[in-house]
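Reviewing the structure listed below.
Coordinate-derived values only; no laboratory data. This is a predicted model, so every value here is computed, not measured. In this analysis, Cβ positions are derived from the backbone assuming ideal geometry, glycine residues included, and neighbour counts consider all displayed protein chains.
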Amino acid sequence: MALIIDHNTTYRIPKNPASPIRHAWEMVKRDHEQVLGAVPRLISAEDEPADVVIRYAEPEDRCPDRPEAFCFRFVKYGGKTELHIAAGDDLGLVYGMLEYSGKHLGVDPFWFWADLPPERRISVELPEGDYDSPEPFVRFRGWFVNDEVCLIGWKEEYPPTREVWQPVFEALLRCGGNMVIPGTDLPRHGVHADVAAEMGLWITHHHAEPLGAEMFLRAYEGKKASYQENPELFEALWEEAIEKQKDRNIVWVLSFRGQGDQPFWINDPAFDTPEKRGEMISRVIRKQYDMVNSKVADPQYCVALYGEISELYKAGHVNVPDDVIKVWADNGYGKMVSRRHGNLNLRVPALPEPYEKGKHGIYYHVTFHDLQASNHLALFPAPVELIKGEIEEAFRVGAKDYVLINSGNIRPHVYTLDLIRELWTRGEADTEEHLGSFVRRMFSSGSPEIAEMFRDYARRTIPYGPKEDDRAGDEFYHHPARIIVGHWLQGKSDQPHSGLYWTTGEVGFPEQVECFRRLCADAIPGWRELKERIERLLPELAEPDRLRLKDHLLLHVELHLSGCEGFDALGKSYSAYREGNYPLAFVYASQAMWNYRKGQVALQEAEHGKWTHFFRADWLTNIESTVQNMDTLRRWLRMHGDSPDFFAWYKQFLMPETEKYIYLENTHRNPLSDDELAKRLVDKFGVPA
């Protein structure tokens, strides 16, 4: 026996549904219409039969007795079979409705972000058989929508509106997530937290904003941000935050860092020992803990053991109440060790000791922004086996109560976010099986070649250091390049730039430039080969799959390739400059600009349809700034011998010999543009394009 779902199917939802149920119903209604071509009919009368009944569980359902669980039960009523989706709480009903949408209507968790609409069908056959939702491996599972400049710049309105946030939170819910930090330091009048709560998600906070309170210096301009001196002012902000959120599902973040996400002792030098710092942090955490406990029934807490707090905790200087989840963080590159600060890279293990008491979780990056080698616009640069290994190891040592994933702008990171979905649901993942499944979902007309291309992507990234996570993301090509141009043009080439030591070591500036150039030049053939393979396959794919492969892999390859080619040309420009060959340096600087501009073009080509302007707020990797830096460099180089009339190089290299000595100067007053001069000198010098 089977239940047939078609355009005549009727639904019933709870009377006066809670906000999360209303949102989930709007999703199911839309999905039903997309798949079956008709808006489903909603039955309001309790005694009238409906094909699909969405309701709260009753004892006889024997639904799993835990938060957020749901069950499917096939019930005979009035001579027909009904599917009952039942749960004990709102979020359980949301997950049940989305499971129905995904499993039976065929809606992918990332349908919106991957432009993957469900297949149109005349009917769907549901085989009868009870179903109980499995218990997710991790209790609190969520995204930190961080460094979200693409989401901010996508639409004209600021802060981002519901139109932007709803697809983010829908995808998270479809991935089984139940918790979110909805954005980074957005204006407090924004709707981000309201929409997340309306859709049923638990809200948690950035570690620099304990309890979700307003930043001290915003609230008290001119006051000293010292808890030692102004405890009542800090506590007033915490009290206000607790009152505002006490009726929502909150995982309260207990923390104490300084203003601007830096250690408080930077601005308060009295705290000059680990003992003093740890005592202050412990005292503040206990105060925040007691304040929440006095206002909220059965509160859920966590504390971020991030950066210096992790080191103080491991040294025994920070005390945390037993029922607080201790959240350990990776280094931004996927390794569960302390992050690099400038050139300091201690790589202190950032996991609890095996069998350490209490609750533990992790904060993990599949995307990162640090202006060194992180991936912001492009995919995670290391093999996904690193993600699997690090997260599974965290689970093995007990960090499984909480997983918060830095999800960035969602769209560029669908592949890795989908892998995390499997890890936090099952506690383990087979990366090969997952990749095969992901490719089949994304590319219905595709081939096994696509899976191999995703594997090869991580093989092509630059290994700039000895560790497995020392792999270059898109920011590697830009901020260091801008550092080099600035240092060079400021006349400081006689001394190294310490901001590059993390890659080059303590060598001279020319060696630093050559180190980056060589790393990038060596990677160019691999990126070109992968790009050519993708382009050869594209004509064989159906148009939707072709566009999807361009957006979710080719774009990322082009960002790396254009970055490598740009940095290689920049290094050659500096070498020519050092040799006094200013016209050749000008040509290479122009090529650097043209190559970097290819990355801008790739982003623009990915802004089709609903994605118009999605990348216009690329303020972090900031390819446009790199292009402008290269333009500044070549203009400066043209001053070296072509100034003041900007005709000398044309006369020296391009003017026919017969004209050089007989032309009348007053007939040659229109100098070539930088682009035109550079293009013609490329041909003259025989420089490879």
Restricting things to Cα coordinates, could you compute the convex hull volume per residue of segment 108-267 in Å³?
158 Å³
On C-alpha positions alone, give me the angle between the axis of helix 231-245 and the longest principal axis of the chain, in degrees, nearest 10.
60 degrees
So how far apart, in nm, are the two label points at residue 41 and residue 357 if each is 7 Å from Cα heading toward Cβ?
6.2 nm
What GluC sites (Glu not before Pro) does segment 563-633 have in DSSP loop regions with at most 15 other beta carbons within 10 Å?
579, 607
Where the eigenvalues come from the Cα gyration tensor of the chain, what are the semi-axes √(5λ) of the equivalent ellipsoid, largest first, in whole Å?
50, 34, 21
Under 16 Å by backbone N from the virtual spin label 7 Å along Cα-to-Cβ at residue 536, the residues of segment 544-566 are none
Counting just the Cα atoms, what span does segment 140-440 cover along each of its three principal axes? Round to the nearest Å and put the largest first.
59, 44, 39
So which cysteines of the chain have no other cysteine's Cβ under 4.7 Å from theirs?
150, 175, 302, 515
By Cβ neighbour count within 10 Å, fewest first, 61, 147 rank 61, 147
Length gained, residue 228-residue 297, 0.36 nm per residue minus C-alpha separation, equals 21.9 nm
Once both axes come from the Cα atoms, what is the angle between helix 623-638 and the longest principal axis of the chain, in degrees from 0 to 90, rounded to 10?
10 degrees
Tell me the Kirkwood radius of segment 560-622: reciprocal of the mean inverse pair distance over distinct alpha-carbon atoms, in Å.
12.8 Å
Between segment 453-508 and segment 355-425, the alpha-carbon center distance in angstrom
24 Å
What ranking do 654, 211 get, fewest neighbouring Cβ atoms within 10 angstrom at the top?
654, 211
Round to a whole angstrom and tell me the spacing of the C-alpha centers of segment 228-270 and segment 537-587.
45 Å
Whole Å is fine, so just give me how far the alpha carbon centre of segment 6-83 lies from that of segment 594-666.
60 Å
Output wanted: per-residue J couplings in Hz (rounded whole) for segment 488-500, from phi through Karplus 6.51 cos²θ - 1.76 cosθ + 1.60, θ = phi - 60°, x for Gly and Pro.
5, 6, 7, x, 10, 5, 7, 9, x, 9, 5, x, 10
Using 1/(1 + (r/R0)^6) with R0 = 22 angstrom and r between the beta carbons of residue 393 and residue 458, what's the FRET efficiency to the nearest 0.05?
0.70
Measure off 7 Å from each Cα along the Cα-to-Cβ vector at residue 128 and residue 543, then give the distance between these two points in nanometres to one decimal.
4.4 nm
Step through the residues of segment 538-546 one at a time and calculate ³J(HN,Hα) from phi using the Karplus curve (6.51 cos²θ - 1.76 cosθ + 1.60, θ = phi - 60°), rounding each to whole Hz and writing x for Gly and Pro.
3, x, 7, 9, 5, 3, x, 5, 4
Between residue 62 and residue 447, what length in nm is gained on full extension when 0.36 nm per residue of separation is reduced by their alpha carbon distance?
134.2 nm
Stretch gain in nm, segment residue 670-residue 319, where the contour uses 0.36 nm per residue and the Cα spacing is subtracted
119.0 nm
May I ask you to derive the relative contact order of segment 461-685, considering only C-alpha pairs under 8 Å and at least 6 residues apart, and to give it as an integer percent?
19 percent
At most 13 other Cβ atoms within 10 Å and a DSSP loop assignment: could you name the trypsin sites (Lys or Arg not before Pro) in segment 460-536 that fit?
492
Per residue of segment 275-291, in order, report the coupling 6.51 cos²θ - 1.76 cosθ + 1.60 (Karplus, θ = phi - 60°) as ³J(HN,Hα) in whole Hz, putting x for Gly and Pro.
5, 5, 5, x, 5, 5, 4, 4, 5, 5, 4, 5, 5, 4, 4, 5, 5
Hey, got a sec? Which GluC sites (Glu not before Pro) in segment 355-452 land in a DSSP loop and have at most 15 other Cβ atoms within 10 Å?
356, 428
Cα gyration tensor shape for segment 461-685, rounded if a/c is under 1.5, else prolate or oblate:
oblate
For residue 582, net neighbour charge (Lys/Arg +1, Asp/Glu -1) across residues whose Cβ lies under 9 Å away:
0
In debye to the nearest 20, the charge dipole size for the chain, taken about the Cα centre with +1 at each Lys and Arg Cβ and -1 at each Asp and Glu Cβ, equals 1040 debye
On C-alpha positions alone, give me the angle between the axis of helix 162-174 and the longest principal axis of the chain, in degrees, nearest 10.
60 degrees
Along the Cα→Cβ direction, 7 angstrom out, place labels at residue 348 and residue 501. What is the inter-label distance in nm?
1.9 nm
